[in-house]
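Remarks on the structure that follows.
The values are calculated or read from the model by the stated rules, or taken from the named source; none is laboratory data. Computed from a prediction, not measured in an experiment: that's the story for all the values here. Counting neighbours? That spans all protein chains shown, and the Cβs are built from the backbone with ideal geometry, glycine included. Note: accessible area is taken over every heavy atom of the protein model, side chains too, but ligands, DNA and RNA are not part of it. Shrake-Rupley method; radii C 1.70, N 1.55, O 1.52, S 1.80 Å.
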Amino acid sequence: MDGKRIKKDIETRDDIEHLVNAFYDKIKQNSKLAYIFNDIAKVDWATHLPKMYSFWGSILLGEKSFVGNPMKKHVELGKITPMTETEFSEWKKVFAETVFELFEGSKADEAVLRAQNIARLMLYNIAKS
Ligand code: HEM
């Protein structure tokens with residue numbers, strides 16, 4: 001054994017939950033982002049996490065279970081706290097790190113790509129609002 005493990009791709013709802021839980025575990029401790037969730041938005045994690053399972057389940061597994069308006073939520077957030085390139089770069093960095101620590105494959109790549117595209121659109125909408 002050389003200790004090298006082949007990672008699996010993101011394939012199931014369990015994988016999505018694992019990814020989302022791992023991502024927000026990091027976010028909750030992140031020096032540039034934790035305060036936005038905990039102090040500014042005062043996120044109720046018991047509500048937010050299942051919502052994010054549905055969001056990523058819909059994007060990556062075609063679940064169609066997500067209900068929400070992320071653009072509006074983040075534009076509103078941008079009015080009460082800095083939501084700039086700095087915050088989005090950090091978010092994208094932590095997201096990509098988490099995805100590739102746990103998974104590899106076309107869905108893993110797609111997750112990172114989709115997150116980057118949505119982040120770019122959010123930043124654009126926040127900047128022009
Ligand atoms: C600087 C980066 C970001 C920060 C600080 C941030 C923070 C937050 C916070 C505080 C909420 C809870 C809002 C509330 O329920 O009142 C939220 C919701 C959400 N975020 Fe983000 N976010 C960021 C980037 C992103 C990106 C890039 C995505 C998508 C790839 C995303 C997806 C979502 C979704 C789907 C929700 C739920 C929206 C809804 O309830 O309609 N976020 N975010």
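Overall, the stretch 13-128 carries a charge dipole of about 540 debye about its Cα centre when +1 sits on the Cβ of Lys and Arg and -1 on the Cβ of Asp and Glu, all other atoms neutral. Taking all protein chains together and a 1.4 Å probe, the residues Ser129, Ser54 rank Ser129, Ser54 from largest to smallest accessible area.
Calculated mean residue ellipticity, 222 nm, the chain: -22000 deg cm²/dmol, from DSSP H runs (n ≥ 4) at -39500 (n - 2.57) each, averaged per residue and rounded to 500.
Mean-square fluctuation check for the chain, GNM, Cα pairs under 10 Å: which of Asn30, Asn69, Asn21 is largest? Evaluated over the chain, the most mobile residue of the options is Asn69. As a fraction of the 1.4 Å probe accessible area of the chain, surface on carbon and sulfur atoms comes out at 56 percent.
Between Ala115, Ala46, Ala34, which gets the highest mean-square fluctuation from a Gaussian network model of the chain, Cα cutoff 10 Å? Answer for the Gaussian network model of the chain: Ala46.
Rounded to the nearest 10 degrees, the inclination of helix 70-80 to the longest alpha-carbon principal axis of the chain is 50 degrees.
Relative to the longest principal axis of the C-alpha atoms of the chain, give the angle of the C-alpha long axis of helix 85-102, reported between 0 and 90° and rounded to the nearest 10°. Orientation of helix 85-102: about 20 degrees from the principal axis. Of the residues Met122, Phe88, Ser65, the one whose Cα sits farthest towards the positive end of the charge dipole of the chain is Met122 (charges of +1 on Lys and Arg Cβ, -1 on Asp and Glu Cβ, taken about the Cα centre). GNM on the chain, alpha-carbon springs under 10 angstrom: the most fluctuating residue among Asp44, Asp14, Asp109 is Asp44.
Just the number please: accessible area per residue for the chain, 1.4 Å probe, all protein chains included, in Å². Spell out each step's value before the answer.
Working: 7780 Å² over 129 residues.
I get 60 Å² per residue for the chain.
The shape of the stretch 1-101 comes out oblate: with a ≥ b ≥ c from the C-alpha gyration tensor, a/c is at least 1.5 while a/b does not beat b/c.
Relative to the dominant Cα principal axis of the chain, helix 45-61 is inclined by about 60°.
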